Every structure is written in structure tokens, then in C-alpha cells.
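J.: There's a structure below that I have some questions on.
Read-outs throughout are calculated quantities, based only on the coordinates presented, and are distinct from any laboratory measurement. This structure is a prediction, so every number in the text was calculated from the model and none was measured. Counting neighbours? That spans all protein chains shown, and the Cβs are built from the backbone with ideal geometry, glycine included.
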Amino acid sequence: MATLYDKKVVISGKIIEVYKYSKMQVYGFTSFANNKGFEKTEEEKNRSKFSQSRSSFNIRGLVNSNPDLNKFLTLTFAKNQKNLSKANYEFKKFIERMKYKYQIFKYVCVVEFQKRGAVHYHIICNLTYIKKKTIEKIWSHGFVKINRVQSVRNLGAYFAKHGTKGDEIESKLLASRKKFFSSRGIKRPVILRDPNNTKEYIENNLKNKVAFFRKKYKKEDLEIDYMQFKI
């Protein structure tokens, strides 16, 4: 059944995002929008054009919905591995070994290409203390960098920059390929579109809150008022 809305609320842990649209949007039944003259969402209009912003949205939501993600990992290849399929295969094996050793291993990972063209991975995960040499041994393909997550107002937005800052060459290399990975069972953001639900949530939780970030922008003939809150 289609849902018509002009506001969307995304709840990702303590970070709340509110989108206000200048025109009614439709979710859940594309042909309904075509038949009734309502605007399609930007995702429905052009799925490839906005793939980067969708990736940023998804990464941001996943990270903020899982506050136990407390370590940054960077995995690089000692050899100039440019083949994404082969690199992803080795990354998958690394994840399997990590899960075998640490059992409950949660992560969100974004893929990037270095200037020399080699694939590398940025990961945020839920590891407790672990020696760098131990991770390097499990990875076994090159270098590892590990850092503790510092206090950041919007950690998801901070981490999402890794997945969306690529240049034109990187965009072509990642075209139609997955730009990020996440572990199974990881918490996902709650998205409210139903007008009654969004109105109730905003009145009960955001009525006297001031957005710490706000941006108004335009996509074709659609104006969007975007706000971020922290509760």
C-alpha cells in the first residue's frame, strides 16, 4: 500500500534526521504515483544519479544505530591489488576469520581506491582491546591501522565521508558495485513516513529541540529542508 508524505523522520540511535519536502512524495507503490500525478521520490526518479547520496544515508544510519562500534580499522594490500572482486574475496575471508576468533563481531565497512589504484577498506567495528599485530596476522595481506573512536557529534556522518568522497575515476571503478558492507544482524535505523507517525514523533521528541545541523537544498524542482538533532 502506498504512503503519501511530505516529511520523513530517520531515527538512528541518538541521531534524528528530519526531511521536509516541498511536494508530496510516495513510498511503497511506484505506479500509484504515476497514475495520480504525485511526485516520485528522488531515488525512484534516478537510482544511479543519487547512488552516492544513498550510500552516505545508509552508512550514516547504520553507524549511528550501533553505538557499540568503537574502533576504526583500515586494511590495505601490500601488493597493488586493483581487482575489486579479488579484493572483496579476501575481505570476506578476513571477516570469516574475525568472526571465528571473536564470535560477536559487528562492523560497517566502506571501500576506497588509493591514488595508486589499490583497493583498501575502512571499517568501524565493536572490538575490545586488540594488538595491531594480531589484526595484521588475521588480515595477512598487508598493513593495518587501528584507532579508538573519538567523541564525534555525528559519528555516522563522519564515517560516511569515507564512502562518498571518491573522485570520478573511483566512481567509475565502483559503478554498480557495492560501496559498503555490514555484518548480519546489525541494528538498522527506523524510518517514519506516515504523516500521523511523523507528526506524533516530532511533537513528542523534537518540539523544543534545536537542530545542530540544518541545510536547505534543491534537487530538480523539489526543495528539501534537512535537519539533524541529537537526543
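J.: Just to confirm a number: summing +1 for Lys and Arg and -1 for Asp and Glu over residues other than K215 whose beta-carbon lies under 12 angstrom from that of K215, what do you get?
T.: +1
J.: So, one more: With the cut-off at 24 Å, tell me which of the pairs K178/K199; K71/K178; K115/K216 have Cα atoms farther apart than that.
T.: In this structure, K178/K199; K115/K216 lie more than 24 Å apart at Cα.
J.: Separate question: Mind checking the full-extension length gain between K131 and F105? Use 0.36 nm per residue of separation minus the Cα-Cα distance, one decimal, nm.
T.: This chain segment gains 7.8 nm when fully extended.
J.: Of the peptides 12-18, 115-121, 198-204, 152-158, how do they stack up when ordered by the mean number of other Cβ atoms within 10 Å, highest first?
T.: 12-18, 152-158, 115-121, 198-204
J.: Within the set of other residues whose C-beta is less than 14 Å from the C-beta of S65, count the net charge using Lys and Arg as +1 and Asp and Glu as -1.
T.: +4
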